[in-house]
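Below is one structure; the comments refer to it alone.
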Amino acid sequence: MKHALLVGVPERATDGHLDRALGVEAMARLLDELGGWSSTVCTGAEATRPRVLAALETMVSTCRAEDACLFYFFGHGGVVRFSGLAGDLGQRPVFYLATLRPEGSSERVGVLDIEISDALARLDRICSNVATIIDCCHAAAMVRDGPFPTITPPSWVRTLAERLEHRALLLSVKDHPRVVRLFGSSSLRRGYATQHSGGLYGLLTQCFVDLVREAGLRCDRLTWDAIAIRAREWVSRQRGTEEQRVVLAGPRHRLLFSRHAVPQPRSAAFIPAPTTGRGWIRAGLLQGVRLGDRWGIAELSLDADLQPRFLVEAEVRSTDLDSAEVVLSDPSIRPVLGATAIMHVVEQRLPVVVDGVTELEDALRASNLVRTVASNSPEVIARVRPAAIEGPSRALDVFDANERPIWLGVSAEAEGLRDVVDLVEDRARARRFEDSLAMASSSAARDIDVVWRWGTFGPDDHPQELPLSPPKTRRVPRIHVGDRLWVELSHRGSTPRQWFVSVLEIGIEGRLSLLNAHEPDGIEVIPGVESHVGLRGHRRRQGLACHWPSRVPLEGPRPARLIILASHRPIPLGHLVRLPEPDDLSAFAVQGLWPHAAGAIRGDAPRPFVTSEKWAWGTVPFEVDPSPRGGGSSGACS
């Protein structure tokens, strides 16, 4: 069974008339066409706070392990701070969905982020197949901070705050690895609707419904990633501005309303140019794109084998900071706005030394990122040879260019070979990303008004700030397995223009990961408000947990680093970063959860979108010790 709760909060006219919930009506018709859905509708006079909360509780109580659940909302969203309130709700901005107010009431606050998150988490514990579509202003504020008004909390908020202090919540407000969240707007931006006879129709809802129908209702061949890319570009084009930005968080490579996930899409958006046979992709120098790279432009839905259906190949002819101009191999083919672009082959593949492992050499010939070479060199990203310690079956050892082991004793059977290919390709992406940043020239330091701090929480839960660069002794900070990391981002400038900041980690395996996966295109940072990675409402323990990959030998501390990337424009990194699989226990461990409880080279053609003009980046080196910290304060330098 598939359960849907569809909420549409109406506008109230001066005569008291409530308009129609056109988005809910459209979603209900779509689910009827798809079949197998049991939908509960809260619209009109029913769209009240008590009714919405009761409907959420009913969905939780009726959900079974084999079911799927959808929570859809259209209406107003907002963010407030509550004054004079103890506990978490009094210490952070709180996102809310505005429910229907009684006539004469001025109270805008409806259902709070923590109430939505708690319900979604309980559903996820039951069925592991939960999606939410929120089509309103500031929707992604459910996952971050922002510049919001302070109000006196209503009495029910005080009661809720007292109750929350005595319970352990299952879900961080900011993130959950297994819940799909499609938001109509980012945290500091508005969501828009078009006026139709009888009411408003949200742009995200309109696009979502149309795209599912365009795919022939084949949700079994349609990923959330493809939907989000198309919706983001379509909504921006409808507005004629990028004031509204669609955000997708969670397992983007899942098929719609399914637990099934396809291999992770390394994707960006394609934007057609007015000139036939040309266009742009939403990835540029800041995201590791180089001249000569070739990308495939794909159809909306997958083929019968759940592989991309490529229309045409596109070659990069020039790069900007966050976009690249491409030329299509067949000018007669005109992909639509927001078509999915997937990297086919990079212009210069990075070398891997393979000694005596013919099967791996064969597998790497198909790689679009790496190539095999016979000898070592400074450019080599990995070296693979038969395992030094013989076992009952053939195994492989993987080393870095300095002969330090990365993995030891990996099976040489098909699954192990795939894992090794994934590892060296991820190392290639990280190297390519860092090399691209080094090639570009960031804006002058005096023009950068974003600053960052970082540190850890140790076993004693005491936060300690750590240095951004090695002290004069040249020894970098050392953190231990079990320490929990935090990053604070601040805008110290006098102008209101926001920055988009991404926090990435190149871990001890040399892989690139995104720590702000809750806002994957960058956290919006504005003057006067600190934003954080690793601090989450109502969690008993704060910070992102440091863990040691199971295949890496426990041979003393290893180097790692944070990369802070800031730009005046969003920075999509989906083609570079591998997000954890929905059921990967490490994804839950990092969040403190448990699954069962672009210097630019510019093209000449005019762009129908804005590119970044100012950016900055910084590296924070540190070491990770495989042994848990023994007492003492956290984050001490080695």
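The values are calculated or read from the model by the stated rules, or taken from the named source; none is laboratory data. The structure displayed is predicted, hence computed values, not measured ones. Please note: Cβ atoms are built from the backbone with ideal geometry, for glycine as well, and neighbour counts cover all protein chains shown. The protein model used for the area step is the full one, side chains on, heavy atoms only, and it has no ligands, DNA or RNA in it. Shrake-Rupley method; radii C 1.70, N 1.55, O 1.52, S 1.80 Å.
Structure values in brief
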| read-out | value |
| --- | --- |
| So Arg29, is it part of a helix (DSSP H, G or I), open to solvent by 70 Å² or more (accessible area, probe 1.4 Å) and touching a helix residue (DSSP H, G or I) at 6+ places or on another chain (Cβ under 9 Å) | yes |
| Output for the stretch 444-467, where each listed residue is modelled with pLDDT of 90 or more, open to solvent by 80 Å² or more (accessible area, probe 1.4 Å) and over 30 Å from Gly284 (Cα atoms) | Glu465 |
| Restricting the stretch 473-517 to residues that are outside any strand (DSSP E or B) and open to solvent by less than 10 Å² (accessible area, probe 1.4 Å), the residue that is farthest from Glu434 (Cα to Cα) | Asp483 |
| Complete set of residues in the stretch 356-395 that are in a loop (DSSP other than H, G, I, E, B), on the phi < 0 side of the Ramachandran plot and loosely packed, with under 12 Cβ neighbours inside 10 Å | Ala366, Ala374, Ser375, Ser377, Pro378, Ala388, Ile389, Glu390, Gly391, Pro392, Ser393 |
| The stretch 279-302: number of residues that are outside any loop (DSSP other than H, G, I, E, B), open to solvent by 10 Å² or more (accessible area, probe 1.4 Å) and either under 27 Å from Phe208 (Cα atoms) or touching a His at 6+ places or on another chain (Cβ under 7 Å) (or both) | 5 |
| Qualifying position, being at pLDDT below 85 and not in a strand (DSSP E or B), among Arg51, Arg92, Arg64, Arg81 | Arg92 |
| Those residues of the stretch 408-436 which are touching a helix residue (DSSP H, G or I) at 6+ places or on another chain (Cβ under 7 Å) and of a type in the set (A, V, I, L, M, F, W, C), in sequence order | Val410, Ala412, Leu417, Val420, Val421 |
| Which listed residue, of Ser513, Ser502, Ser494, Ser550, is of a type in the set (S, T, N, Q) and at pLDDT below 90 | Ser494 |
| Flag for Gly87 being out of contact with any strand residue (DSSP E or B) (no Cβ under 6 Å at 6 or more places or on another chain), modelled with pLDDT under 80 and open to solvent by less than 30 Å² (accessible area, probe 1.4 Å) | yes |
| Flag for Thr58 being farther than 30 Å from Gln244 by Cβ and not charged (D, E, K, R) | yes |
| Scope the stretch 537-547; condition modelled with pLDDT under 80 and either among the aliphatic types (A, V, I, L, M) or open to solvent by less than 10 Å² (accessible area, probe 1.4 Å) (or both); matching residues | Gly537 |
| Within the stretch 115-137, tally of residues that are among the β-branched types (Val, Ile, Thr), at pLDDT below 90 and open to solvent by 10 Å² or more (accessible area, probe 1.4 Å) | 0 |
| Residues of the stretch 411-443 satisfying the condition of being open to solvent by 30 Å² or more (accessible area, probe 1.4 Å) and assigned to a helix (DSSP H, G or I) | Ala414, Glu415, Arg418, Asp419, Asp422, Arg427, Arg431, Glu434, Asp435, Ala438, Met439 |
